[in-house]
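*Asks:* Structure in structure tokens, see below.
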Amino acid sequence: MQLSGSIQEHSLLSWGKLHDGLLIVAGPCSVESPEQLRATCRQLAATKKVSMLRAGVWKPRSQPGQFEGAGSAGLAWLKEVKRDCMLPVAVEVATPRHVEECLSHEVDALWLGARTTVNPFMVQEISQAIRGTGIPVMVKNPVSPDLRLWMGAIERMTLAGSSRVAAIHRGFHISQQSNYRNSPLWDIPLALRKEMPGLPLLCDPSHIAGHARWLAEVSLTARGLAFDGLMIEVHHHPAKALTDPLQQVTPEGFARIIHEIIHSPDKLRRQKSLHVLREMIDLQDHQLLELLARRLSLSSEVGKQKKQMGEEIVQPQRQKELLADRLKKAAALGLDPAFVEKLVDLLHSESVAIQKESRNDSPGHS
Ligand code: PEP
Ligand code: MN
């Protein structure tokens, strides 16, 4: 899908000063107090490695009773910090009221969180609130690995006339065991880039990793995969943070990571990205094999049914229709028809062999 021309023409530069070609968004997970915000942002600005400050003012929490952000008061503190540090600021919005409050407090950019992107009703309401304002919006991926849902939210923002829209990859919540808080499933943001060329794509290593110790490696991988920028959570005293204490880094820690990424040899970045791409391929091959086993166990059931009904195992008309159907699906997926035909033939031979075997094993009438 092509985005509107205006987005493709806009360079990343219009979002803020780039660092080695990267848009670097950094700041606390949440605004907690004027002192915390000021200390963190001043130290961040002093690193000279930040394009834009981020801060959560309204925090989506899984359970009630936890710290839910400073709310509107935080926007006033943020306005002071923005002037003090001379950096643009971005805030997460989850309702049209949040958008209005941000606009009246000179917030420079907005982002939609993973729990908002997942809800098209809310995304639509937010898009109506930003219509005509031209404010830049970054759209995080939804919690679940659903590319269409992510693209839908991005489209709603562009349709609302936002001239600057970017995507943020923050990983996905899936049941698989992993060291990370959210699985990166890198093929999904890469597919997004293919579907929406020209759309700036940022990586949020903080919410992927869930722990400061893995921020550098996730950031390096994102760089190797040619992401356009990073969003990193930074706190002047992470151990005291009211939200996400494990994954926030100090401003010095942040500066070290950015330095490491900028000065990493090209070869190292490529090795990192090759490694994660191979991990994805291994995982998907395993899933393919599991699916094949399930599919072929159906063949065995079909063999038994045919025997009961006195039907032939090989039925040319059914096979012809099946191949036509699979080729149609393959075309929609952009797969090579010759490859898919070979695969269907192979599956068919295996299926016939299994049906013959199941025929010998089952009692049946014929
Ligand atoms: C955040 O950026 O602080 C946040 C809540 O992120 P996510 O929507 O990715 O969970
Ligand atoms: Mn957070």
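The values are calculated or read from the model by the stated rules, or taken from the named source; none is laboratory data. What you are looking at is a predicted structure, and each value in this text was computed from that prediction instead of being measured. Cβ placement follows ideal geometry from the backbone for every residue including glycine, while neighbour counts extend to all protein chains displayed. For accessibility, only protein heavy atoms count, side chains too; no ligands or nucleic acids. Shrake-Rupley method; radii C 1.70, N 1.55, O 1.52, S 1.80 Å.
*Asks:* Considering only residues of segment 208-235 that are within 16 Å of ligand 1 (Cβ to nearest atom) and part of a loop (DSSP other than H, G, I, E, B), which is surrounded by the fewest Cβ atoms within 10 Å (Cβ to Cβ)?
*Replies:* Among those that are within 16 Å of ligand 1 (Cβ to nearest atom) and part of a loop (DSSP other than H, G, I, E, B), it is His211.
*Asks:* Still on this structure: Of all residues in segment 11-29, count the ones that are in contact with a helix residue (DSSP H, G or I) (Cβ under 8 Å, 6 or more places away or on another chain) and within 16 Å of ligand 2 (Cβ to nearest atom).
*Replies:* 4
*Asks:* If you don't mind, there's one more thing I want to ask. Restricting to segment 208-230, what's the tally of residues that are within 16 Å of ligand 2 (Cβ to nearest atom) and hydrophobic (A, V, I, L, M, F, W, C)?
*Replies:* Residues flagged as within 16 Å of ligand 2 (Cβ to nearest atom) and hydrophobic (A, V, I, L, M, F, W, C) within segment 208-230 amount to 7.
*Asks:* Since Pro238 meets every condition but one in (1) under 15 Å from Ser219 (Cβ atoms); (2) surrounded by 14 or more Cβ atoms within 10 Å (Cβ to Cβ), which condition does it not meet?
*Replies:* Pro238 satisfies every listed condition except (1).
*Asks:* Just to verify a result, which residue in segment 46-63, among those that are buried (at least 20 other Cβ atoms within 10 Å of the Cβ) and of a type in the set (D, E, K, R), is farthest from ligand 1 (Cβ to nearest atom)?
*Replies:* Restricting to residues being buried (at least 20 other Cβ atoms within 10 Å of the Cβ) and of a type in the set (D, E, K, R), the top hit is Lys49.
*Asks:* Restrict the check to segment 216-234 and report whether at least one residue is within 29 Å of Gly334 (Cβ to Cβ) and of a type in the set (Lys, Arg).
*Replies:* So far as segment 216-234 goes, yes, one or more of its residues are within 29 Å of Gly334 (Cβ to Cβ) and of a type in the set (Lys, Arg).
*Asks:* Now for a different question. Mind listing whichever residues of segment 266-280 are open to solvent by 100 Å² or more (accessible area, probe 1.4 Å) and either touching a helix residue (DSSP H, G or I) at 6+ places or on another chain (Cβ under 7 Å) or within 25 Å of His348 (Cα to Cα) (or both)?
*Replies:* Arg270
*Asks:* Is it fair to say Glu195 is open to solvent by 10 Å² or more (accessible area, probe 1.4 Å), farther than 18 Å from Pro142 by Cβ and acidic (Asp, Glu)? Please lay out each step first, then the result.
*Replies:* Numbers: open to solvent by 10 Å² or more (accessible area, probe 1.4 Å): yes; farther than 18 Å from Pro142 by Cβ: no; acidic (Asp, Glu): yes.
So Glu195 does not fit the description; no.
*Asks:* Residues being within 18 Å of Phe67 (Cα to Cα), of a type in the set (Gly, Ala, Ser) and free of Cβ contacts under 8 Å to residues at least 60 places away in the same chain: count how many of those fall in segment 206-253.
*Replies:* So the answer is 1.
*Asks:* Another question about this same structure. Collect the residues in segment 300-327 that are touching a residue at least 12 places away in the same chain (Cβ under 8 Å), outside any helix (DSSP H, G or I) and not aliphatic (A, V, I, L, M), keeping them in residue-number order.
*Replies:* Within segment 300-327, just Gly310 meets the criteria.
*Asks:* Another question about this same structure. Within segment 241-263, which residues are open to solvent by 20 Å² or more (accessible area, probe 1.4 Å), away from ligand 1 (no atom under 16 Å from the Cβ) and either β-branched (Val, Ile, Thr) or under 21 Å from the mean Cα position of the chain (by Cα) (or both)?
*Replies:* The answer is Thr250, Ile262.
*Asks:* From the list Phe67, Phe121, pick out the single residue that is open to solvent by 50 Å² or more (accessible area, probe 1.4 Å), touching a Lys or Arg at 6+ places or on another chain (Cβ under 9 Å) and farther than 30 Å from Ile261 by Cα.
*Replies:* Within the list Phe67, Phe121, the selection yields Phe67.
*Asks:* In addition: Could you tell me which of the residues Ser144, Ser162, Ser127 is over 18 Å from the mean Cα position of the chain (by Cα), under 12 Å from Thr117 (Cα atoms) and not hydrophobic (A, V, I, L, M, F, W, C)? Talk me through it step by step, then tell me what you get.
*Replies:* Numbers: Ser144 fails: over 18 Å from the mean Cα position of the chain (by Cα); Ser162 fails: under 12 Å from Thr117 (Cα atoms).
None of the others qualify; the one that does is Ser127.
Rundown of residues vs (1) open to solvent by 50 Å² or more (accessible area, probe 1.4 Å); (2) within 19 Å of Ile232 (Cβ to Cβ); (3) within 16 Å of ligand 2 (Cβ to nearest atom), yes/no style:
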| site | (1), (2), (3) |
| --- | --- |
| Cys85 | no, yes, no |
| Val91 | no, yes, yes |
| His105 | no, no, no |
| Ala166 | no, yes, no |
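*Asks:* Same structure again: Output the number of residues of segment 29-45 satisfying the condition of being within 14 Å of ligand 1 (Cβ to nearest atom) and of a type in the set (Asp, Glu).
*Replies:* Residues flagged as within 14 Å of ligand 1 (Cβ to nearest atom) and of a type in the set (Asp, Glu) within segment 29-45 amount to 1.
*Asks:* Hey, can you tell me all the residues within segment 11-20 that are of a type in the set (Gly, Ala, Ser) and either touching a Leu at 6+ places or on another chain (Cβ under 8 Å) or within 16 Å of ligand 1 (Cβ to nearest atom) (or both)?
*Replies:* Of the residues in segment 11-20, the ones of a type in the set (Gly, Ala, Ser) are 11, 14, 16.
Within segment 11-20, just Gly16 meets the criteria.
*Asks:* Sticking with this one: Quick one: is Ser175 among the polar types (S, T, N, Q) and either buried (at least 24 other Cβ atoms within 10 Å of the Cβ) or within 16 Å of ligand 1 (Cβ to nearest atom) (or both)?
*Replies:* Values: among the polar types (S, T, N, Q): yes; either buried (at least 24 other Cβ atoms within 10 Å of the Cβ) or within 16 Å of ligand 1 (Cβ to nearest atom) (or both): no.
It is false that Ser175 is among the polar types (S, T, N, Q) and either buried (at least 24 other Cβ atoms within 10 Å of the Cβ) or within 16 Å of ligand 1 (Cβ to nearest atom) (or both).
*Asks:* Same structure again: For segment 200-207, check the following and say yes or no: at least one residue is among the small types (Gly, Ala, Ser), open to solvent by less than 10 Å² (accessible area, probe 1.4 Å) and within 16 Å of ligand 2 (Cβ to nearest atom).
*Replies:* First, pick out the residues of segment 200-207 that are among the small types (Gly, Ala, Ser): 206.
When the remaining residues are screened for being open to solvent by less than 10 Å² (accessible area, probe 1.4 Å), the result is 206.
Going one step further and asking which of them are within 16 Å of ligand 2 (Cβ to nearest atom), we end up with 206.
Within segment 200-207, one or more residues are among the small types (Gly, Ala, Ser), open to solvent by less than 10 Å² (accessible area, probe 1.4 Å) and within 16 Å of ligand 2 (Cβ to nearest atom).
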